[in-house]
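Here the structure comes first, spelled out in structure tokens, and everything after it is commentary.
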């Protein structure tokens, strides 16, 4: 999703799990004992052959060569927010829109062979120039591997300008006894073009399960906007035993959460490894994983471990952790409880105490600031020589991470000084979107009119709307267009009073290259459109009513001051 049209698109971000602002364009808001860097790669089994592939001291060079047309298709594949969230979007997993392509792989100058490669990501990490990638080395040859690794996940770290957050965070989870991915750094080159530094994160696949559990035959689920409550389990995606119809382990948690308080802990203990769960929950909070399970019902794995016959939680998608307070304003420091499991337990006397005990244990036994800082030192030693002109920027952002490491204990302690935080935030309603009507209109204005005194009478425009069976045909509609000075965004909006105290705005923001004669599709990448409403008697500002899915057709599309801009619009109104 383009950061240059963030003024509207960011409204969707927290729902779908991307950051509401781009840290790469944000100014720096902040401004020991030695650790064996090989140990930071894996604490589960130091004898594992694949440890060398994830050793922190290793900086791996991945070179991919594939048909240029395939690469062009791969990097432009994307998800459309509306397509994902429209209708009964919680009925089944979101799935992947991405295509596998054959490529020749070379690692550290050694030819590996023909592999499969595809783009990866939900929304927050999608990028056309530096896409995150999945590599499957065994698609064409079962014996192909690199240092024992058959599949690689290469993250572009778009949400982490410091580059170190994932590797720091996964190791914190591992130190807490939570099964977690190993992690180090790499450079990716495609068809001779250097895409820069990536984070090499161990995929949660059968080898991962074998290493941590000694048995990969259990059911593995990936949680993406999925929860343990009625209507929210459909988006859990099976990653093993895909053809199984047995959902009893998930249904058991849902049923336990719907039961009486006096039986809650015992009922959950029959379904979940509660030691793992409370530690996982506390660790999510300590590392500020707002986009994880407890904070956003997102970015997590659960495994039905055959050895325990219980569900085990594991982290995923932690590139936006260790955030300074300025980036998590409005969120509590000592607990996240948006997920049903966390929410019910935090509101339960015994459950809350078990959580707080786990939080204290993580802070006392795992969150060792000197060890964490030493690990960041080791990561800097590997990263900085590879960064070239970006070294200063990344170093400054790493200092932000260091500041969070040093301040996190006090932030949590200060909030708890007068007792446990009182969580009264309700669990959110369904995030699916519905079609509530349609809009058509026409417009004619000149570029550079954004700051006119009265946009409701500027230019010439018409609007016709049907909103939840109510027809709205304003008598007078104004239209203005231009470039926003601070952000450089190109936008157009039609404004109208629909009563003596009610106003609406139909708003389009689009990439600069989208403003050309012809049809522009609202794709939430190059262009985003929405309907806003304000009652001046009761509302301080305009509020979002719906997004618009449709087209703008430009007859004239000049973007220099005084240029003519005219055309028509037509679309459906899609609301959360």
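The values are calculated or read from the model by the stated rules, or taken from the named source; none is laboratory data. Keep in mind it's a predicted model, so treat the numbers as computed, not measured. Every residue, glycine as well, gets a Cβ built from its backbone with ideal geometry; the counts of neighbours run over all protein chains shown.
Can you tell me which residue in region 366-377 is nearest to residue 164 (Cα to Cα), limited to those that are in contact with a helix residue (DSSP H, G or I) (Cβ under 8 Å, 6 or more places away or on another chain) and in a helix (DSSP H, G or I)?
Selected residue: 376.
Among the candidates 185, 228, which residue alone is part of a loop (DSSP other than H, G, I, E, B) and either outside the structural domain of residue 135 (by TED's automatic domain parsing) or touching a helix residue (DSSP H, G or I) at 6+ places or on another chain (Cβ under 8 Å) (or both)?
Step by step, each of 185, 228 is checked, and only 228 is part of a loop (DSSP other than H, G, I, E, B) and either outside the structural domain of residue 135 (by TED's automatic domain parsing) or touching a helix residue (DSSP H, G or I) at 6+ places or on another chain (Cβ under 8 Å) (or both).
Would you point out which residue out of 487, 496, 464, 546 is over 20 Å from residue 82 (Cβ atoms), crowded, with 16+ Cβ neighbours inside 10 Å and not assigned by TED's automatic domain parsing to the domain that holds residue 86?
496
Go through (1) closer than 28 Å to residue 428 by Cβ; (2) buried (at least 22 other Cβ atoms within 10 Å of the Cβ) for residue 569 and report which single condition fails.
(1)
In region 412-456, how many residues are part of a loop (DSSP other than H, G, I, E, B) and surrounded by fewer than 15 Cβ atoms within 10 Å (Cβ to Cβ)?
13
Here is a yes/no grid of residues against (1) in a loop (DSSP other than H, G, I, E, B); (2) modelled with pLDDT of 95 or more:
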{"site": "318", "(1), (2)": "yes, yes"}
{"site": "321", "(1), (2)": "yes, yes"}
{"site": "330", "(1), (2)": "yes, no"}
{"site": "335", "(1), (2)": "yes, yes"}
{"site": "341", "(1), (2)": "no, yes"}
{"site": "350", "(1), (2)": "no, yes"}
{"site": "353", "(1), (2)": "no, yes"}
{"site": "357", "(1), (2)": "no, yes"}
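Could you tell me how many of the residues in region 378-402 are touching a strand residue (DSSP E or B) at 6+ places or on another chain (Cβ under 7 Å) and part of a helix (DSSP H, G or I)?
Summing the residues that are touching a strand residue (DSSP E or B) at 6+ places or on another chain (Cβ under 7 Å) and part of a helix (DSSP H, G or I) in region 378-402 gives 3.
Among the residues of region 292-316, how many are part of a loop (DSSP other than H, G, I, E, B) and closer than 19 Å to residue 175 by Cβ?
2
Assigned to a strand (DSSP E or B), touching a strand residue (DSSP E or B) at 6+ places or on another chain (Cβ under 7 Å) and at pLDDT 95 or above - does that describe any residue in region 273-291?
Within region 273-291, none of the residues are assigned to a strand (DSSP E or B), touching a strand residue (DSSP E or B) at 6+ places or on another chain (Cβ under 7 Å) and at pLDDT 95 or above.
Six or more apart or on different chains, Cβ atoms under 7 Å: show the pairs whose first residue is in region 508-535 and under 16 Å from residue 439 (Cα atoms) and whose second is in a loop (DSSP other than H, G, I, E, B).
Final answer for the pair search is 528/522; 529/522; 532/542; 533/542.
Inspect all residues belonging to region 235-252 and state whether any of them is surrounded by 19 or more Cβ atoms within 10 Å (Cβ to Cβ) and assigned to a strand (DSSP E or B).
Yes.
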